[in-house]
Each structure stands twice: as structure tokens, then as C-alpha cells.
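Here the structure comes first, spelled out in C-alpha cells, and everything after it is commentary.
The values are calculated or read from the model by the stated rules, or taken from the named source; none is laboratory data. The structure displayed is predicted, hence computed values, not measured ones. Backbone-built Cβ (ideal geometry, glycine too); neighbour counts: all protein chains shown.
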Amino acid sequence: MGIDAPKRMAAYDLLASVLSYPDAESDGILRSFLEELLAACPELAQETQLRFSKWRDQIESLSREERQEVYARTFDMSPKCTLEIGWHLFGEQYDRGTFLVWMRGQLRAFGLAESTDLPDHARHALAVLGRLEADSADRFATACVLPALETVRDGLRQLESPYEVLVDAICRFLESQHGPAERDLNSLPVLNGQHEELFSAESV
């Protein structure tokens with residue numbers, strides 16, 4: 001990766017924040033988002049910068065209430081566009097539950113608070129991604145986060161939502177940092193025969 005650890009964490013936390021439900025806190029983040037992201041990642045590709053800038057210009061023209069409406073309409077109305085990473089990877093398969101348990105464990109390990117969103121929400125996945133060691137981050141990004149967000153992006157193209165530009169920019173950013181999506185779920189330790197161990201630990 002080209003970003004040192006503190007800046008990487010800051011960059012991914014910013015990405016997590018703009019994929020969260022709009023509230024008073026996000027108003028302030030929105031104003032300084034691109035500048036802070038460039039401070040953390042000055043080598044950000046020009047095209048990716050333009051995509052982030054286009055999204056910010058579109059979303060800043062809306063009131064908070066309008067942003068909330070657009071967010072809910074974009075991500076909550078269609079399974080194709082949900083920000084729950086595990087849904088896109090596993091659907092209703094048993095491994096979805098394993099993945100949720102694993103994500104909850106990652107949040108706890110890094111001292112990240114859970115929210116009203118499920119543990120596998122993209123905002124949580126991005127925050128975890130910014131804290132993993134480089135090799136683990138690459139595997140998690142290419143096998144889980146990127147494939148899921150690319151699916152979301154494809155779904156959003158049919159909705160003409162301003163969030164399509166944002167999700168596309170995040171996909172571009174992640175690919176530049178970790179490589180292209182590989183869709184190899186078997187490479188993740190969470191799926192290598194650890195179902196019983198994970199659920200046993202969760203029940204303690």
C-alpha cells in the first residue's frame with residue numbers, strides 16, 4: 001500500500017463516514033471530505049478525485065433531509081444496492097452468519113463501536129479495512145469489499161442516484177490500493193472451517 005498506517009486509517013474512516021446515513025456530524029465531514037482525503041492520500045488518481053468531487057457537488061446541493069431521503073431510497077429499497085457486504089457475497093447462505101460473527105469480532109478487536117447497521121455494513125467494513133495489516137487488508141479488500149461494492153455500483157447505475165458516483169470512486173480507490181476484485185471467498189480464514197469456533201466464541 002502506498003499510505004502509511006495513520007493516514008490509511010484516516011482515509012478509510014473518511015470513506016466509511018460518507019457511506020453512513022446523513023446526520024449533523026456528516027454535514028461537517030462533507031464540507032472537508034475531499035481535502036482531508038487528499039491530505040491522507042496525496043497520490044489519489046485525478047479521475048478518482050474528479051468522481052469524489054462530482055459526488056460532493058451533487059450531494060451538497062441538497063438539504064440534510066433530502067440527503068437522508070436519497071440515501072434511504074438508494075440503499076434501503078433494493079437488495080442489489082444494500083450496503084451489507086455479506087448479503088452480496090453470501091445471500092442467505094450459512095456463511096453469511098459466519099461472516100457477521102467475524103465482522104463483529106473485528107470491530108471489537110479494533111475498538112470500533114457497532115451501530116444500528118449490521119456488522120457487515122460497508123461503513124464497518126471500510127473502518128476495519130483501514131486497520132488491518134497490509135496482507136490481510138489486501139485479501140479482505142479484493143475478496144470481499146471490492147466485489148460487494150462493485151455489485152452495489154452496478155445496481156446503482158440503474159437508479160440514477162448520486163451515490164453511484166461515490167461508490168464508483170470508492171471502488172477505484174480500493175483497487176488502486178489493494179488490486180482488482182478476485183471474488184475468491186475461500187481465501188478468507190473466516191470461511192476455512194471456523195464456523196463452530198466462531199459461533200462458540202460469540203456465545204461466551
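Quick notes on this structure:
- Flag for Glu92 being closer than 22 Å to Leu37 by Cα, without any contact (Cβ under 8 Å) to a residue 40 or more places away in the chain and acidic (Asp, Glu): no
- Any hit, segment 147-160, residues being on the phi < 0 side of the Ramachandran plot, buried (at least 21 other Cβ atoms within 10 Å of the Cβ) and touching a Phe, Trp or Tyr at 6+ places or on another chain (Cβ under 7 Å): yes
- Test: residue in segment 151-163 that is within 19 Å of Trp55 (Cα to Cα), at pLDDT below 95 and touching a Lys or Arg at 6+ places or on another chain (Cβ under 7 Å): yes
- Segment 119-174: number of residues that are part of a helix (DSSP H, G or I), of a type in the set (Asp, Glu) and over 24 Å from Glu43 (Cα atoms): 1
- Taking the numbered list (1) crowded, with 21+ Cβ neighbours inside 10 Å; (2) in a helix (DSSP H, G or I) in turn, Ser53 passes all entries but (1).
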